[in-house]
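Remarks on the structure that follows.
Throughout, read-outs are computed from the coordinates displayed, never taken from laboratory work. Just so you know, these numbers come straight off a predicted model, no measurement behind them. Because the Cβ atoms are built from the backbone with ideal geometry, glycine has one as well, and the counts that use them run over all protein chains shown.
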Amino acid sequence: MNIPLLAGTLSTVLFAVGMLPMLVKAARTRDLASYSLGNLVLSNLANAVHCVYVYNLPAGPIWVLHLAYVLASALMLAWWLRYRETGAGARNTAAGRQEGSAAGIPARTTGEQP
């Protein structure tokens with residue numbers, strides 16, 4: 001049994017499965033207001049540069065893991081660009097709610113006592 005290969009495979013599966021809830025929620029809600037465009041662009045740029053290193057390694061779990069990161073960050077950037085005007089975040093802001101408010105409390109009543 002090759003312990004490093006087993007560890008790499010297991011960690012790849014865990015990291016990839018860990019990204020799924022974020023991707024599913026972003027696809028379902030189209031609300032990516034909490035994501036920074038700068039971070040998404042830099043993540044995609046870093047993944048592109050990192051491809052030079054990763055794909056010069058022997059094929060293995062690291063290739064699959066890196067591919068999962070590349071796909072996830074590319075999807076998030078594409079969705080951020082596509083849904084920035086039409087997502088739930090834009091609707092909440094337009095309706096007078098504070099951006100990121102889970103309860104959807106209108107901004108004009110925040111902090112008031114009943």
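Amide H of residue 33 versus every other amide H placed in the peptide plane: which residues, excluding those fewer than 5 positions away on the same chain, fall under 5 Å?
Here the answer is 89, since their amide H atoms fall under 5 Å of that of residue 33.
Apply the a/c threshold of 1.5 to the C-alpha gyration tensor of region 2-69 and tell me whether it is rounded, prolate or oblate.
It is oblate, given that a/c is not under 1.5 and a/b is not larger than b/c.
Which whole-Hz ³J(HN,Hα) couplings does region 27-36 yield from phi under the Karplus relation 6.51 cos²θ - 1.76 cosθ + 1.60, θ = phi - 60°, glycine and proline marked x?
5, 6, 8, 6, 9, 10, 4, 7, 9, 8
Using the per-residue mean of other Cβ atoms lying within 10 Å as a proxy for protection, in what order, highest first, do the peptides 70-77, 19-26 fall?
Packing order, densest peptide first, comes out as 70-77, 19-26.
Taking the Cα of residue 67, stepping 7 Å toward and past its beta carbon, and measuring to each backbone N in region 14-34: which are under 16 Å?
14-17, by backbone N distance to the label point.
Which value in nm describes the separation of the simple spin-label points at residue 39 and residue 13, placed 7 Å from the Cα toward the beta carbon?
2.9 nm
Spin-label point model (7 Å from Cα, Cβ direction): what's the residue 6 to residue 74 distance in nm?
Placing both labels 7 Å beyond Cα along the Cβ direction yields 3.4 nm.
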